[in-house]
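Read the figures in this text as sums done on the coordinates, not as results from a lab. Every value quoted in this text rests on a predicted model; they were computed, and no experiment measured them. Because the Cβ atoms are built from the backbone with ideal geometry, glycine has one as well, and the counts that use them run over all protein chains shown.
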Amino acid sequence: MTATSHPNEPDKRSSGKVIGRVVWVSFKILIIPVLCVVALIVGLAIGYGVLGDRPMSEVFDSSTWKHMYDLVFAEGG
């Protein structure tokens, strides 16, 4: 009995499988950073809105972050 595969033939993959594999690998690489950003946004909204008893919409206001920056880095005197 002889083997059915020929060792000299190149591995032929359809372009659909290659594109699918590239998409899947890209998805696996990007899912962790995306989930981290989502967790950050949800944590900010819960911490500022629920624990801080402030409107959640203020989390996304740049003046809120400028005020916090000024509080942290203000010169004491």
Inset, instruction - Output the number of residues of region 27-67 satisfying the condition of being part of a helix (DSSP H, G or I), exposed (fewer than 10 other Cβ atoms within 10 Å of the Cβ) and over 19 Å from the mean Cα position of the chain (by Cα). - result: 3
Inset, instruction - Starting from region 55-77, take each residue that is on the phi < 0 side of the Ramachandran plot and list its partners that are part of a helix (DSSP H, G or I) and of a type in the set (A, V, I, L, M, F, W, C), counting only C-beta distances under 6 angstrom and pairs at least six apart or across chains. - result: Met56/Ala45; Val59/Leu44; Val59/Ala45
